[in-house]
Structure formats: C-alpha cells, structure tokens
C-alpha cells in the first residue's frame, strides 16, 4: 500500500502528470525499518526523486562453535536412552489444565537439553565446515 503522498518521478513536459513509479519494500510494521524519505530537491538532472532509508546496523553475535552428536555413536545411544528413560518415568497423570501442561512440556524440554549438553561434543565452525 503506498505510503508516499507525493510523486517520485517529475516530468519536464507541460501537461504531463508527475507520477509515483519507484518502489521501496520495507518491513511492514517495523518502526526501525519503516522510516523512509523521498527527496524531490535532490533530483538534479534526473527525472526521479531519490528514495532513502536509514537501516540500523547492530552488532550480531555469530556462533563459532556448535554442539553435535555423531550418528551411531555411543554418545547418541546414551542420549537416546536418557531421553527415553526420562519420558517413561515422567508422571503426566496430574495434567488438569493448560498451566500444568506447559509446566510438564517445559520440564521435558529441560530434561532433553540436559541430556543433549551432557552427551554432545562441541566443535568449531570454520569456513571448511559443512553447510548442512
């Protein structure tokens, strides 16, 4: 939906209407990336008004390592045994409402995370690492 109340193309021909033909796709609903400007006074010899936007650049933490468990390894077997045992021994008979269910799901998630962290091996991500 156009948000620009004025044209971005200015014709020099008398009787011809100026128009809006340039597009800028921004993230809908984002206050950070939805602040754009049209600059009719910057046209110079062009018949188009420049569009500008300030895009915030923030520091991003890029992981240099990951946890993984090798397939068909002893660690994988141990992990699966621990998770299976946790699920089998978990009492789900007292789930009577949505909050009880959320608590049980979060607890099971925590048990899986603990088993994963206990059995997984940390490896460095390099430019030679596989992409998948």
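The values are calculated or read from the model by the stated rules, or taken from the named source; none is laboratory data. Worth saying up front: this structure is predicted, and the values here are computed from it rather than measured. Note that each Cβ is placed from the backbone with ideal geometry, even for glycine, and that neighbours are counted across all protein chains shown.
Would it be correct to say that residue 32 is touching a residue at least 24 places away in the same chain (Cβ under 8 Å), farther than 30 Å from residue 12 by Cα and outside any helix (DSSP H, G or I)? Even if it seems obvious, please write down each step before you answer.
Numbers: touching a residue at least 24 places away in the same chain (Cβ under 8 Å): yes; farther than 30 Å from residue 12 by Cα: yes; outside any helix (DSSP H, G or I): yes.
Criteria met by residue 32.
So, in the range 15-43, how many residues would count as being over 28 Å from the mean Cα position of the chain (by Cα) and modelled with pLDDT of 75 or more? First the steps, then the outcome.
Residues of the range 15-43 that are over 28 Å from the mean Cα position of the chain (by Cα), as a first pass: 15-21, 38-43.
Narrowing the set further to residues that are modelled with pLDDT of 75 or more leaves 38-43.
Summing the residues that are over 28 Å from the mean Cα position of the chain (by Cα) and modelled with pLDDT of 75 or more in the range 15-43 gives 6.
Within the range 35-45, how many residues turn out to be under 22 Å from residue 25 (Cα atoms) and not in a helix (DSSP H, G or I)?
6
For the range 96-109, name all the residues that are part of a helix (DSSP H, G or I) and surrounded by fewer than 11 Cβ atoms within 10 Å (Cβ to Cβ). Let's see the steps before the verdict.
Residues of the range 96-109 that are part of a helix (DSSP H, G or I), as a first pass: 98-109.
Within the range 96-109, 98, 99, 106, 109 meet the criteria.
With the requirement that a residue be assigned to a loop (DSSP other than H, G, I, E, B), assigned by TED's automatic domain parsing to the domain that holds residue 27 and surrounded by 11 or more Cβ atoms within 10 Å (Cβ to Cβ), what does the range 46-95 give you?
47, 49, 50
Among the numbered criteria (1) exposed (fewer than 10 other Cβ atoms within 10 Å of the Cβ); (2) within 24 Å of residue 62 (Cα to Cα); (3) touching a helix residue (DSSP H, G or I) at 6+ places or on another chain (Cβ under 7 Å), which one does residue 119 miss?
Of everything listed in (1) exposed (fewer than 10 other Cβ atoms within 10 Å of the Cβ); (2) within 24 Å of residue 62 (Cα to Cα); (3) touching a helix residue (DSSP H, G or I) at 6+ places or on another chain (Cβ under 7 Å), residue 119 misses just condition (1).
Would you check if there is a residue in the range 45-67 being in contact with a helix residue (DSSP H, G or I) (Cβ under 8 Å, 6 or more places away or on another chain) and modelled with pLDDT of 85 or more? Spell out how you get there, then give the answer.
Quick first cut of the range 45-67, residues in contact with a helix residue (DSSP H, G or I) (Cβ under 8 Å, 6 or more places away or on another chain) only: 49-50, 67.
Checking the rest, the ones that are also modelled with pLDDT of 85 or more come to 67.
Looking for residues that are in contact with a helix residue (DSSP H, G or I) (Cβ under 8 Å, 6 or more places away or on another chain) and modelled with pLDDT of 85 or more, one finds at least one in the range 45-67, hence yes.
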